[in-house]
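Read through the structure below, which is laid out as structure tokens, and then see the notes.
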Amino acid sequence: MKDRYETPFTARYSSDEMSALFSADTRYRTWRKLWLALATAEKALGLPITDEQLAEMKAHLTDVDYDVVAAREREVKHDVMAHLYAFGKAAPTAAGIMHLGATSCYVTDNADLVIYKEALLLVKKELTTAIKALWTFADKYKALPTLGYTHYQPAQLVTVGKRATLWLQDLVTDLKDLDLLLADLKFLGCRGTTGTEASFMELFEGDEDKIDRMNAMLASSFGFRECVDVCGQTYPRKTDSRILKVLSGIAESAAKFATDIRLLQHDGEVAEGFGAKQVGSSAMPYKSNPMHAERICALSRYLMTDVMNASLTASSQWFERTLDDSANRRIAMCEGFLAADAILRLVADLAAGLVVNEKVILNRVKDYLPFIATENILMEGVKRGGDRQALHEIIREASLRAKKKIAAGEKADLLSDLAGDRAFGMTKEEMEKVLDPALYTGRSAAQTSAYLAKIKSIADAGEAPARIDI
């Protein structure tokens with residue numbers, strides 16, 4: 001429908017797979033699976049539920065009649081009761097045993113947890129794909145000297161690959177945080193109106209072991225190792241905060257990477273891949289903008305602010321339950337995942353398509369290398385009998401003269417200036433011998449190789465990123 005607002009995440013940015021996870025069909029079919037799992041566990045523990053009732057429920061897990069739901073919700077003003085009514089209409093012999101002992105949060109909260117877990121696994125898959133793309137890039141350029149920057153001012157040389165390991169390390173840290181979160185993610189179970197399981201004490205006639213077994217069965221049915229230890233009516237909203245903080249951490253790393261690429265593209269050293277038919281500007285045909293890097297920064301900014309929704313919600317829940325979390329969570333949680341999905345797809349695509357302009361990099365290195373090499377020239381001058389302090393002053397003054405020429409648009413020749421001073425006892429040719437860029441990258445290549453070897457198993461787990469058109 002073009003006459004209604006639709007979120008740009010599903011229309012432009014996010015994958016079909018992530019969008020489908022947060023669709024109405026996924027949510028409400030999961031509710032029905034939860035109702036079936038509860039009835040199955042209750043039957044196994046001795047409650048009067050028949051195989052026929054379970055079979056009828058199972059036969060209608062996916063055929064949600066949204067017209068029936070909508071009509072019923074207009075009457076009762078309660079979405080869970082409307083869906084329960086529609087499920088009962090589809091499976092009438094089981095209608096009387098559905099939702100037995102449960103609250104609405106049994107289906108709403110547990111369904112959210114099931115969907116979030118699947119979404120986190122998808123994020124993990126996309127994160128490892130991005131890591132693989134950057135790993136490959138870093139390995140290819142591990143020994144290519146480039147100008148390093150501190151304060152965005154020229155500094156000592158690094159290598160293109162070494163710089164990429166800084167981006168990689170951030171993403172690997174995010175992957176570790178994500179794995180810790182997944183390992184600790186717990187199911188709510190069926191815990192009652194205030195988390196005391198009082199209704200099940202009634203149903204199971206005080207048999208607490210059966211209640212524990214029921215919740216263990218429910219958790220296992222949906223791939224969780226255990227339920228939360230204690231709760232109110234809902235699972236702790238701290239869980240949502242933890243999830244969005246991990247997703248926000250990914251956004252931080254992605255924005256750092258994309259910002260660096262934007263700066264490097266401005267300098268002409270590294271650029272996004274640009275399609276043969278791609279248009280950079282409607283007004284300036286010659287432009288090739290860092291579109292994907294800019295989009296990563298924009299979406300990352302959204303996700304880094306979205307995390308505040310979960311933090312504020314977790315901190316404002318009253319006692320065992322309030323409902324001021326519902327509307328917020330419907331928006332903040334799903335859009336947090338959709339944003340992370342879009343960001344990671346862009347990061348993988350950008351990393352896989354980066355163009356390194358080696359001649360531009362070499363020219364910039366040559367421009368600044370004489371300044372960088374002055375320390376080595378200083379040491380050599382001392383070896384030849386020069387006074388260290390005096391030579392340092394000569395270099396300082398010559399460097400200032402050279403920088404003034406450069407600022408005036410003139411050509412500066414720092415080495416000729418230094419070689420003209422007999423205090424060094426060196427010819428220009430002798431000074432030029434110390435201008436091999438590889439002499440000034442320190443352990444960059446070795447550090448890169450060592451780090452890439454350390455995380456190779458992570459990169460191997462990732463998929464080669466497919467180019468995307470977003």
> To the nearest 0.05, what FRET efficiency results for residue 3 and residue 213 with a Förster distance of 60 Å applied to their C-beta separation?
Replying inline: 0.70
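If we count other beta carbons within 10 Å of each Cβ, what is the order of 47, 369, fewest first?
So the ranking, lowest neighbour count to highest, is 47, 369.
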> Sorted by mean Cβ packing within 10 Å, highest first, what order do the peptides 141-152, 72-83 take?
Replying inline: 141-152, 72-83
>> Could you work out how much longer the chain between residue 305 and residue 23 gets when fully extended? Use 0.36 nm per residue separation minus the Cα distance between them, nm to one decimal.
In response: 99.2 nm
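What FRET efficiency would be calculated for the residue pair residue 205, residue 245, taking the C-beta separation as r and a Förster radius of 51 Å, to the nearest 0.05? Don't jump to the answer; show the numbers that get you there.
On the way: r = 43 Å, r/R0 = 0.84.
After rounding to 0.05, the efficiency reads 0.75.
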>> Under 5 Å between amide hydrogens, which residues at least 5 positions from residue 194 or on another chain qualify, with H placed 1.01 Å from N in the peptide plane?
In response: none
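With a sphere of radius 13 Å drawn around the Cβ of residue 384, what net charge do the other residues whose Cβ falls strictly inside it have (Lys, Arg +1; Asp, Glu -1)? Kindly include the intermediate steps, with their values, before the conclusion.
Values: positive: 383, 388, 422; negative: 380, 387, 421, 430.
Residues close to residue 384 contribute a combined charge of -1.
About its Cα centre, how strong a charge dipole does region 19-97 have in debye, to the nearest 20, once Lys and Arg get +1 and Asp and Glu get -1 at the Cβ?
Numbers: 10 positive and 11 negative charges, 39 e Å.
The dipole of region 19-97 has a size of about 180 debye.
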> Looking at 158, 372, 26, which one has the Cα that reaches farthest to the positive end of the dipole of the chain (charges on Cβ: Lys, Arg +1; Asp, Glu -1)?
Replying inline: 372
> What is the sum of charges around residue 444, taking Lys and Arg as +1, Asp and Glu as -1, for the other residues whose C-beta is under 15 Å from the C-beta of residue 444?
Replying inline: +3
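How high is the FRET efficiency from residue 43 to residue 315, r the C-beta distance, R0 35 Å, rounded to 0.05? The partial results should precede the final answer.
Working: r = 40 Å, r/R0 = 1.15.
It comes out at approximately 0.30.
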>> Can you tell me how region 361-440 classifies by the Cα gyration tensor, rounded, prolate or oblate, using a/c under 1.5 as the rounded cut?
In response: oblate
> Quick one: Cα centre-to-centre distance for region 388-446 and region 121-198, in angstrom?
Replying inline: 40 Å
>> Ignoring everything except DSSP H segments at least 4 long, calculate the 222 nm mean residue ellipticity for the chain; use -39,500 (n - 2.57) per segment, divide by total residues, nearest 500.
In response: -20500 deg cm²/dmol
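Expressed in nm to one decimal, what extension gain is obtained for the pair residue 410 and residue 422 from 0.36 nm per residue of sequence separation less their Cα-Cα distance? Could the numbers behind the result be given before it?
Numbers: separation 12, 0.36 × 12 = 4.32 nm, distance 2.50 nm.
So the chain would gain 1.8 nm between residue 410 and residue 422.
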>> With an 8 Å Cα cut-off and a minimum separation of 6 or more residues, compute the relative contact order for the chain in percent.
In response: 20 percent
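What is the fewest-to-most order of 315, 221 by other Cβ atoms lying within 10 Å of their Cβ?
Details: 315 10, 221 17.
In order of increasing Cβ crowding within 10 Å: 315, 221.
Values in this text are rule-based calculations from the coordinates and carry no lab data. Quick caveat: nothing in here was measured; it's all calculated off a predicted structure. Glycine gets a Cβ as well: all are built from the backbone with ideal geometry, and neighbour counts include every protein chain shown.
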